[in-house]
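All of the numbers you see were taken from the coordinates with simple rules; none came from a lab. On a predicted model such as this, the values are computed, not experimentally measured, just so you know. Positions of Cβ are backbone-derived with ideal geometry, glycine not excepted, and every protein chain shown enters the neighbour counts.
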Amino acid sequence: MRSSIVTLLILIVFILVAFIANNYTVNSTDNLLSDVALLDEFIMKEEWNEAKEQIDSLKTKWKDIRKIWELYIEHYEMDAIDVTIARLNQYVEIKDRNSALGEMAEFRLLVGHIKEKESFKLGNIL
């Protein structure tokens, strides 16, 4: 009986941690995607100073989010996001609108993939 209770408690803790991690992932991906949407507007209007401020804000948020994601998300996916942000930063620096828009599309794809992959769905659990 005692081992059943311990097993049940471990299972409950595991499920709670999984829900907390899922909630954090959803919130942080939504936050990153909303920042990129704002950056997209600045680049479309060719407001490069505002775009630079926004990319700096995005980099700061990404550093904080990455520290938590490193605990439970595969590192190669985060490395791809790092590379995309670095390229995006350079394209904003040189005011290359088309390349920056392409990198933002890749960023959205990578972040959206993580959100989809880490969500609680039967296909992800099995």
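Would you calculate a helix-derived [θ] at 222 nm for the chain, using -39,500 (n - 2.57) for each DSSP H run of n ≥ 4 and dividing by the full residue count, to the nearest 500?
On the way: 5 runs with 110 residues, N = 126.
Helix contribution divided over all residues of the chain: -30500 deg cm²/dmol.
Working from Cα positions, state the angle (0 to 90°, nearest 10) between the long axis of helix 97-118 and the longest principal axis of the chain.
0
Report the full-extension gain for the segment Ala18 to Glu41: residue separation times 0.36 nm, less the Cα-Cα distance, to one decimal in nm. The partial results should precede the final answer.
Numbers: separation 23, 0.36 × 23 = 8.28 nm, distance 3.48 nm.
Difference between extended and current length: 4.8 nm.
If each residue of separation counts as 0.36 nm, what is the full-extension length gain between Ser4 and Gln90 once their alpha-carbon separation is subtracted? Intermediate values should be presented prior to the final figure.
Details: separation 86, 0.36 × 86 = 30.96 nm, distance 5.64 nm.
Taking Ser4 through Gln90 to full extension adds about 25.3 nm, to one decimal.
Output ³J(HN,Hα) for the stretch 23-36: one whole-Hz value per residue in order, computed from phi by the Karplus curve 6.51 cos²θ - 1.76 cosθ + 1.60 with θ = phi - 60°, and x for Gly and Pro.
My calculation for the stretch 23-36 gives 4, 5, 4, 4, 5, 6, 5, 4, 5, 4, 5, 5, 5, 5 Hz in order.
Mind ranking 81-88, 2-9 by how tightly packed they are, going by the mean number of other C-beta atoms within 10 angstrom, highest first?
Numbers: 81-88: 17.4, 2-9: 8.8.
Peptide ranking by packing, descending: 81-88, 2-9.
On C-alpha positions alone, give me the angle between the axis of helix 48-69 and the longest principal axis of the chain, in degrees, nearest 10.
On a 0 to 90 degree scale, this one is about 20.
For the stretch 48-126, which GluC sites (Glu not before Pro) are both in a DSSP coil and crowded by at most 13 other Cβ atoms within 10 Å? Could the numbers behind the result be given before it?
Working: sites: Glu50, Glu53, Glu70, Glu74, Glu77, Glu93, Glu103, Glu106, Glu116, Glu118; in loops: Glu70, Glu74.
Sparse-neighbourhood loop GluC sites (Glu not before Pro): Glu70, Glu74.
Could you tell me which label, among [x] 52, 38, 26; [y] 68, 24, 17; [z] 67, 25, 21, carries the value of Cα extents along the principal axes in Å calculated for this structure?
[z]
Need one number: nm distance between label points at Glu116 and Leu71, each 7 Å from Cα along Cα→Cβ, rounded to one decimal.
Reported label-point gap for Glu116 and Leu71 is 2.7 nm.
Whole-Hz Karplus ³J(HN,Hα) for the stretch 14-19, in order, using 6.51 cos²θ - 1.76 cosθ + 1.60 and θ = phi - 60°, x for Gly and Pro?
These are the phi-based 3J(HN,Hα) values: 4, 5, 4, 4, 5, 5 Hz.
Charges at C-beta only: +1 for Lys and Arg, -1 for Asp and Glu. How large is the resulting dipole of the chain about its Cα centre, in Debye rounded to 20?
Details: 15 positive and 21 negative charges, 120 e Å.
Charge dipole of the chain: 580 debye, to the nearest 20.
Net charge near Asp40: determine it from the other residues with C-beta under 13 Å of the C-beta of Asp40, scoring Lys and Arg +1 and Asp and Glu -1.
Working: positive: Lys45, Arg97, Arg108; negative: Asp35, Glu41, Glu46, Glu47, Glu50, Glu103, Glu106.
With Lys, Arg at +1 and Asp, Glu at -1, the net is -4.
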